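No lab work stands behind these numbers, since they all come straight from the coordinates. In this text, all values refer to a predicted model and were calculated from it rather than measured experimentally. Ideal geometry is used to build each Cβ from the backbone, glycine not excepted, and the neighbour counts take in all protein chains shown.
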Amino acid sequence: MKDEKEHSVVPCASLQPASYGERLCSLKPDPVSRVVESLRSSVKYRYLCEATLTRMARWALERHASPKDAAKAAKSKLHQVYGAYMEPGTCERVARGVAALPEEELRVVCRRIMESHASTRERLADLEEIGLALADLVKPQGPVLDLACGLNPFALPWMNLSPELSYYAWDIDARLIGHIDTFLAGIGCPGEAVCRDVLAEPPDVEADVVLLLKALPCLEQQEAGASLRLLRGLSARVVVVSFPSRSLGGRGKGMADHYGAFMQGICGALDIEARILMWPSETFYILQR
Ligand SMILES: C[S@@+](CC[C@H](N)C(=O)[O-])C[C@H]1O[C@@H](n2cnc3c(N)ncnc32)[C@H](O)[C@@H]1O
């Protein structure tokens, strides 16, 4: 008799309301999954890598109890660190540009593609000079790792890299990364583009040169102190860091001084010297061990 009782199925009607409620709750997705789901269902953020969405969901839930408010805050943060750089149609233009490569002049197509991203667009006027100056000062001798790359891989024709050098590009938008990977294969560049969140999964690959172009402000907006932590973990011979001279809205006042002071702190903490290259739109810091 005892055994029978232990194995009997409890009919729903005999459950206390509280335990019934608990059972219902346990079928609901947890708050992090609910926020991730909401981000996934948005047109703008559905292609971002899982680790980024999960990290943003956790960040937002620490600040907002309700998943709805947290999803709103996460979207706003994602806009700040990713969406603000991408105009509607960017990916489609990239796809068309990559598909048209065999017919068109490589540099013309790449310039057109880079026009679609706020960050590379600002660099276009000085691309030739920047490419020559960096190649001369950095002299890459092994793999180049471009972190939070945006559309910078399309600047490869100006980077003056030896054709045998591998080039790896990481960013958080899987769709964009797919097009960049097709581009790398199309121009015969060894290496690959990878959808990877550098805060969730910091670099663990050996590179001679690491590029962090206009990336640190974006990473700091997500995690204070991220820049120093990331730089400390890199074993590359040279790290090239850059900062914009003005904000996306066009305000420039004090930005160079602000980032100059920020880099002074970073170099002090790393006990490293930096060489500085300045253009009207961007300032580069070359950190060499
Ligand atoms: C200001 S843009 C710079 C793009 C590119 N490096 C350049 O200079 O043209 C910042 C880039 O960081 C990427 N990003 C933001 N958070 C990231 C993260 N946690 N991991 C990897 N990439 C990230 C964004 O998607 C965006 O492409």
For the range 153-169, in residue order, the Karplus 3J(HN,Hα) values (coefficients 6.51, -1.76, 1.60; θ = phi - 60°; whole Hz; Gly and Pro = x) are x, 6, 8, 3, x, 9, 7, 6, 7, 4, x, 7, 6, 7, 10, 10, 10
Gyration tensor over alpha-carbon atoms, the chain, equivalent ellipsoid semi-axes in Å:
43, 22, 19
With Cα atoms, 0 to 90° folded angle of helix 174-186 axis to the chain main axis
40 degrees
Along the Cα-to-Cβ line of ARG96, 7 Å from the Cα, sits a label point; which residues in the range 114-158 have backbone N less than 19 Å from it?
114-118, 121, 151, 154
Between SER33 and ARG229, what's the calculated FRET efficiency when r is the beta-carbon distance and R0 is 30 Å? Round to 0.05.
0.65
In percent, how large is the relative contact order of the range 29-81, given Cα pairs closer than 8 Å and 6 or more residues apart?
40 percent
What nm value, rounded to one decimal, do you get for the distance between LEU137 and THR182 when each label is placed 7 Å out toward the C-beta?
3.5 nm
May I ask for the angle, rounded to the nearest 10°, between helix 31-40 and the longest principal axis of the chain, with both axes built from Cα atoms and the value confined to 0 to 90°?
50 degrees
The range 48-165: relative contact order in percent, alpha carbon pairs under 8 Å with at least 6 residues between
21 percent
Quickly work out the ALA174-to-VAL43 label distance, labels modelled 7 Å from Cα along the C-beta direction, and quote it in nm with one decimal.
2.0 nm
Derived scalar couplings ³J(HN,Hα) [the range 188-194; Karplus, 6.51 cos²θ - 1.76 cosθ + 1.60; whole Hz; x for Gly, Pro]
x, 8, x, x, 7, 9, 10
Calculate how steeply helix 255-270 sits against the longest principal axis of the alpha-carbon atoms of the chain, using the helix alpha-carbon long axis, and give the answer as 0 to 90 degrees to the nearest 10.
80 degrees
Each label point is 7 Å from the Cα along the Cα-to-Cβ direction; what then is the distance between the points at HIS258 and ARG58, in nm?
2.8 nm
